[in-house]
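Structure first, then comments.
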Amino acid sequence: MNLGGIERLRDRAVEEIRAAVDAAALESARVKYLGRKGSVTLLMPALKDVPPAERPEVGRALNALKIAVQEALEARKAELQTQSRGAGQPFDHTLPGEWRGLGTIHPISRLIERASEIFRAMGFTVADGPDIETVRNNFDALNTPEDHPSRDPSDTFYLENGDLLRCQTSPVQVRYMEAHPPPARIIAPGRCYRRDTPDATHSANFHQIEGLYVDQQVSLADLKGDLTYFARRLFGAGVALRFRPHFFPFTEPSVEVDASCHVCGGRGCRVCKQSGWIEIAGAGMVHPNVFRAVGYDRHEVVGYAFGMGIERMAMILYGVPDIRLLYENDLRYLTQFGAGV
Ligand code: PHE
């Protein structure tokens, strides 16, 4: 073995590899030179017979030979692959493209965005709070009596450390007022959790938008006006709201708010359970005990608060007959909401 021989072998191998017409010819060239009994492979053990003085140089030449053959193989392989994909052929515009599947925004997220936009235009800012809350923020500071049924572990999810998964977005009122002096004008969209058995209108995991407006002169008329304006912007000018007296520990007086059914226009259908109305919110004037708990002077300020059910509004807006459709992650259903609100 000498340097000249190694060089000739390299030239021969590279030439043969470059001439390989297809993958099979390329493979047999690889076996011929680099296979277990290939001529390059067989040269390697012969290095020990080279006189020691020449061994380093011959060793380097052998390495270079092997690398040159490997590189030639790779290069030809890439060339053959591009050829088989038709490179160099005229581009065929009629071939179907590769469809990656474009994501769409979930109807709940879309609705939160749209509702926030409307409230922002009305002068509200968006506040936020955690899903895991203290009993104090979720119940105590909201004037909820010790024996109120919503505190029961059969209604609310408690953690081992005594905290809970908030069953409403109302604790954000507490957090916000404790961190900011009055006036306050916020909404707080977010996730809520209740031990409800899922059915067409209930889910253990749902969303609310909390609203809070506190200032020196705020009245129930403001609440009615603001919610009506909001509903008209969201559902369209034809929507009617109905305010029914109700009870919440943290508001006095309290109301429940129904919207006329957007799906049937109030005539009665499956979505509104033939009543023509769908409950969308609980609301009322902030209870003095809540102001006391957060350190606001109840003689200085008044305010209203509301909590709207986002799924309910989605059902009205999109005509969703069953709340579970929003959570089953069936893309055939969810991708229908691709465009606009
Ligand atoms: N937190 C109440 C609920 O989840 C709704 C509500 C919010 C009522 C604010 C009044 C004021 O039912």
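I want to confirm something. Restricting to region 221-230 and keeping residues that are surrounded by 15 or more Cβ atoms within 10 Å (Cβ to Cβ) and of a type in the set (A, V, I, L, M, F, W, C), which single residue is farthest from the ligand (Cβ to nearest atom)?
Phe230
What pairs can you find where one residue is in region 1-25 and more than 11 Å from Ala72 (Cβ to Cβ) and touching a residue at least 40 places away in the same chain (Cβ under 8 Å), the other is open to solvent by 90 Å² or more (accessible area, probe 1.4 Å) and assigned to a helix (DSSP H, G or I), and their Cβ atoms are less than 8 Å apart, with a gap of 6+ or different chains?
Met1/Asp49; Leu3/Glu57; Ala23/Lys77
Which ones in region 321-335 are on the phi < 0 side of the Ramachandran plot and either free of Cβ contacts under 8 Å to residues at least 12 places away in the same chain or in contact with an Asp or Glu (Cβ under 7 Å, 6 or more places away or on another chain) (or both)? Working first, answer last.
Restricting attention to region 321-335, the residues satisfying the condition of being on the phi < 0 side of the Ramachandran plot are 321-328, 330-335.
Ile323, Leu325, Leu326, Glu328, Asp330, Leu331, Arg332, Tyr333 - these are the residues of region 321-335 that are on the phi < 0 side of the Ramachandran plot and either free of Cβ contacts under 8 Å to residues at least 12 places away in the same chain or in contact with an Asp or Glu (Cβ under 7 Å, 6 or more places away or on another chain) (or both).
Take the residues in region 292-320 that are free of Cβ contacts under 8 Å to residues at least 12 places away in the same chain and of a type outside the set (Asp, Glu); name whichever of them is surrounded by the fewest Cβ atoms within 10 Å (Cβ to Cβ). First the steps, then the outcome.
Looking only at region 292-320, we keep the residues that are free of Cβ contacts under 8 Å to residues at least 12 places away in the same chain, and these are 292, 297-299.
Subsequent filtering for residues that are of a type outside the set (Asp, Glu) retains 292, 298-299.
Details: Arg292: 13, Arg298: 13, His299: 8.
Restricting to residues being free of Cβ contacts under 8 Å to residues at least 12 places away in the same chain and of a type outside the set (Asp, Glu), the top hit is His299.
Listed residues Ala188, Ala127, Ala115, Ala184; which is in contact with a Phe, Trp or Tyr (Cβ under 8 Å, 6 or more places away or on another chain), in the same structural domain as Thr228 (by TED's automatic domain parsing), within 20 Å of Pro288 (Cβ to Cβ) and touching a residue at least 24 places away in the same chain (Cβ under 8 Å)? Before you say what the answer is, go through the steps one by one.
On the way: Ala188 fails: within 20 Å of Pro288 (Cβ to Cβ); Ala127 fails: within 20 Å of Pro288 (Cβ to Cβ); Ala115 fails: within 20 Å of Pro288 (Cβ to Cβ).
Within the list Ala188, Ala127, Ala115, Ala184, the selection yields Ala184.
Among Asn161, Asn137, which is in the same structural domain as Val214 (by TED's automatic domain parsing), touching a Pro at 6+ places or on another chain (Cβ under 9 Å) and either surrounded by fewer than 21 Cβ atoms within 10 Å (Cβ to Cβ) or at pLDDT 95 or above (or both)? Please lay out each step first, then the result.
On the way: Asn161 fails: touching a Pro at 6+ places or on another chain (Cβ under 9 Å).
Asn137 is the lone residue from the list that is in the same structural domain as Val214 (by TED's automatic domain parsing), touching a Pro at 6+ places or on another chain (Cβ under 9 Å) and either surrounded by fewer than 21 Cβ atoms within 10 Å (Cβ to Cβ) or at pLDDT 95 or above (or both).
What number of residues within region 196-219 satisfy the criterion of being open to solvent by 70 Å² or more (accessible area, probe 1.4 Å) and modelled with pLDDT of 95 or more?
2
Being away from the ligand (no atom under 13 Å from the Cβ) and aliphatic (A, V, I, L, M): is that true of Ala204 here?
yes
Being without any contact (Cβ under 8 Å) to a residue 24 or more places away in the chain and over 27 Å from the mean Cα position of the chain (by Cα) is the filter here; which residues of region 154-180 pass it?
Our first condition is that a residue be without any contact (Cβ under 8 Å) to a residue 24 or more places away in the chain; within region 154-180, this holds for 158, 160-161, 179-180.
Matches in region 154-180: Glu160, Asn161, Ala179, His180.
Going by the structure shown, is Thr144 closer than 18 Å to Gly307 by Cα, over 27 Å from the mean Cα position of the chain (by Cα) and open to solvent by less than 40 Å² (accessible area, probe 1.4 Å)? Lay out the reasoning, then the answer.
Numbers: closer than 18 Å to Gly307 by Cα: yes; over 27 Å from the mean Cα position of the chain (by Cα): yes; open to solvent by less than 40 Å² (accessible area, probe 1.4 Å): yes.
In short, yes.
Yes or no: region 169-190 includes at least one residue that is assigned to a helix (DSSP H, G or I) and away from the ligand (no atom under 16 Å from the Cβ). Spell out the reasoning first.
Restricting attention to region 169-190, the residues satisfying the condition of being assigned to a helix (DSSP H, G or I) are 171-179.
Remaining after also requiring away from the ligand (no atom under 16 Å from the Cβ): 178-179.
Yes, some residue in region 169-190 is assigned to a helix (DSSP H, G or I) and away from the ligand (no atom under 16 Å from the Cβ).
I'd like to know if region 324-331 contains one or more residues that are surrounded by 20 or more Cβ atoms within 10 Å (Cβ to Cβ), more than 16 Å from the ligand (Cβ to nearest atom) and not acidic (Asp, Glu).
Of region 324-331, the ones surrounded by 20 or more Cβ atoms within 10 Å (Cβ to Cβ) are 326.
Next cut, more than 16 Å from the ligand (Cβ to nearest atom) only: 326.
Now drop any that are not not acidic (Asp, Glu), which leaves 326.
There is at least one residue in region 324-331 that is surrounded by 20 or more Cβ atoms within 10 Å (Cβ to Cβ), more than 16 Å from the ligand (Cβ to nearest atom) and not acidic (Asp, Glu).
Of all residues being more than 10 Å from the ligand (Cβ to nearest atom) and without any contact (Cβ under 8 Å) to a residue 60 or more places away in the chain in region 280-290, which is nearest to Val214 (Cα to Cα)? Just the residue, please.
Kept after step one, since they are more than 10 Å from the ligand (Cβ to nearest atom), are these residues of region 280-290: 280, 288-289.
With without any contact (Cβ under 8 Å) to a residue 60 or more places away in the chain added as a condition, the list becomes 280, 288.
Numbers: Ile280: 22, Pro288: 12 Å.
Looking at the filtered set, the residue picked out is Pro288.
Test of understanding: among Ser260, Ser275, Ser254, which residue is closer than 27 Å to Val218 by Cα, assigned by TED's automatic domain parsing to the domain that holds Ala204 and more than 16 Å from the ligand (Cβ to nearest atom)? Steps first, please.
Numbers: Ser275 fails: closer than 27 Å to Val218 by Cα; Ser254 fails: more than 16 Å from the ligand (Cβ to nearest atom).
Result of the check over Ser260, Ser275, Ser254: Ser260.
Kindly indicate whether Arg267 is modelled with pLDDT under 95 and among the basic types (Lys, Arg). Working first, answer last.
Working: modelled with pLDDT under 95: yes; among the basic types (Lys, Arg): yes.
In short, yes.
Checking Val239 against (1) crowded, with 18+ Cβ neighbours inside 10 Å; (2) away from the ligand (no atom under 14 Å from the Cβ); (3) modelled with pLDDT of 95 or more, which single condition isn't satisfied?
(3)
Out of the residues in region 82-104 that are open to solvent by 100 Å² or more (accessible area, probe 1.4 Å) and at pLDDT 80 or above, state the one that is nearest to Thr335 (Cα to Cα).
Within region 82-104, the match that is nearest to Thr335 (Cα to Cα) is Glu98.
The values are calculated or read from the model by the stated rules, or taken from the named source; none is laboratory data. Just so it is clear, the model here is predicted, and its values are computed rather than measured. Heads up, the Cβs are rebuilt from the backbone with ideal geometry, glycines too, and the neighbour counts pull from every protein chain shown. For accessibility, only protein heavy atoms count, side chains too; no ligands or nucleic acids. Shrake-Rupley method; radii C 1.70, N 1.55, O 1.52, S 1.80 Å.
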